[in-house]
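Engineer: Before anything else, here's the structure in question.
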Amino acid sequence: MKESKNMNSSQYTQNRMPILFLGHGSPMNAISINTVTQTLNHLGQTLTRPHSILMISAHWMTKGTWVTHMKNPKTIHDFYGFPPELFAVQYPAPGNPELAEQIQKHVTQPKIEMDDSEWGLDHGAWSVLKHLYPNADIPVVQLSLDMSQANEFHFMLGQKLQALREQGVLIIGSGNIVHNLKHIRWEPDAQPFDWSLEFDKWVKKQSEDRNFNALISEATQTEAGRLSIPTPEHYLPLLYILGAAHPKDELYFDIEGIQNGSISMRSLRFE
């Protein structure tokens, strides 16, 4: 890790790692073969292999910002009502305590707290990592979401993490741009709600235009936005990825589509 004065360096380097926002959707995607999981597998084979992964998942919500500091993070099955084969999944990737300590040292505002035992890798993390890197042989550190903070906080923290890209760290945000379980449709090939399509397209357009301010401050100003983000946790990981983006990055949408009517699987990559 470079000195903190260089954490926001704008110098462009061809060695900068890509960054990903991935729609993880239902936990069942972890054990399913579909276009989403096949695309994740292809990405894992084609992206520059990272030294470590920093994962920001919708499913670790805390007061304050925490980072996993254990050598061997546990696989957390933070769901219920799913078949036994899903609970049997393990993702035994090693941790990287040294990376956690470097993040704590160089991001002084906010203060990053160390988690040595409470968390691990939740399903927002391992359900996508299982397809990206099925051998579980790349160290993973997970960063929590401070739910007491506004959108701007999460975007700015993403900016402070940008320099990790030049250290061989792959930053991944895992959530869903549209995530409304109250309106979910369980039937196969469920038709998307009009509002879910509207908001998903709006996010795509603002991302293409690099209108990050709108994505930070205007996301819930429309009825479509409020229905798509009834609670913020699945949207917030996107803001970290937008913050960690570099002006010279190209933007790619590796996955598009709506599952179960009200879950956007849109995934984007800056590279």
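The values are calculated or read from the model by the stated rules, or taken from the named source; none is laboratory data. Every value quoted in this text rests on a predicted model; they were computed, and no experiment measured them. For neighbour counting, all protein chains shown are included, and Cβ atoms are generated from backbone atoms with ideal geometry for every residue, glycine included.
Engineer: Among A93, A100, A88, which is aliphatic (A, V, I, L, M) and under 20 Å from L157 (Cβ atoms)?
Structural biologist: A100
Engineer: Mind telling me which of the residues A224, A190 ends up being at pLDDT below 95 and either part of a loop (DSSP other than H, G, I, E, B) or not acidic (D, E) (or both)?
Structural biologist: A190
Engineer: Mind listing whichever residues of the range 200-232 are in contact with a helix residue (DSSP H, G or I) (Cβ under 9 Å, 6 or more places away or on another chain), buried (at least 17 other Cβ atoms within 10 Å of the Cβ) and in contact (Cβ under 8 Å) with a residue 60 or more places away in the chain?
Structural biologist: Listed by number, the residues that qualify are D200, V203, S207, I216, A219, P232.
Engineer: May I ask you to list the residues in the range 91-110 that are polar (S, T, N, Q) and surrounded by 13 or more Cβ atoms within 10 Å (Cβ to Cβ)?
Structural biologist: Within the range 91-110, N96, Q102, Q104 qualify.
Engineer: Just need a number here: residues in the range 108-121 that are under 19 Å from the mean Cα position of the chain (by Cα) and either more than 23 Å from H154 (Cα to Cα) or assigned to a loop (DSSP other than H, G, I, E, B) (or both).
Structural biologist: Final tally of qualifying residues: 1.
Engineer: Moving on. Looking at the structure I just gave you, is L242 crowded, with 19+ Cβ neighbours inside 10 Å, under 19 Å from the mean Cα position of the chain (by Cα) and at pLDDT 95 or above?
Structural biologist: Yes.
Engineer: Considering the range 150-166 alone, what residues qualify as being surrounded by fewer than 17 Cβ atoms within 10 Å (Cβ to Cβ) and part of a loop (DSSP other than H, G, I, E, B)?
Structural biologist: Correct list: A150 only.
Engineer: Sort through T46, T37, T65, T75 and tell me the only one that's surrounded by fewer than 24 Cβ atoms within 10 Å (Cβ to Cβ), β-branched (V, I, T) and in contact with a Pro (Cβ under 6 Å, 6 or more places away or on another chain).
Structural biologist: T65
Engineer: Write out, first by first residue and then by second, each pair whose Cβ atoms fall under 7 Å of each other, whose residues are 6+ apart or on separate chains, and whose first residue, in the range 172-196, is among the polar types (S, T, N, Q) while the second is assigned to a helix (DSSP H, G or I).
Structural biologist: Correct list of pairs: S174/G124; S174/A125; S174/V128; S174/P237; N180/L227; N180/S228; S196/S228.
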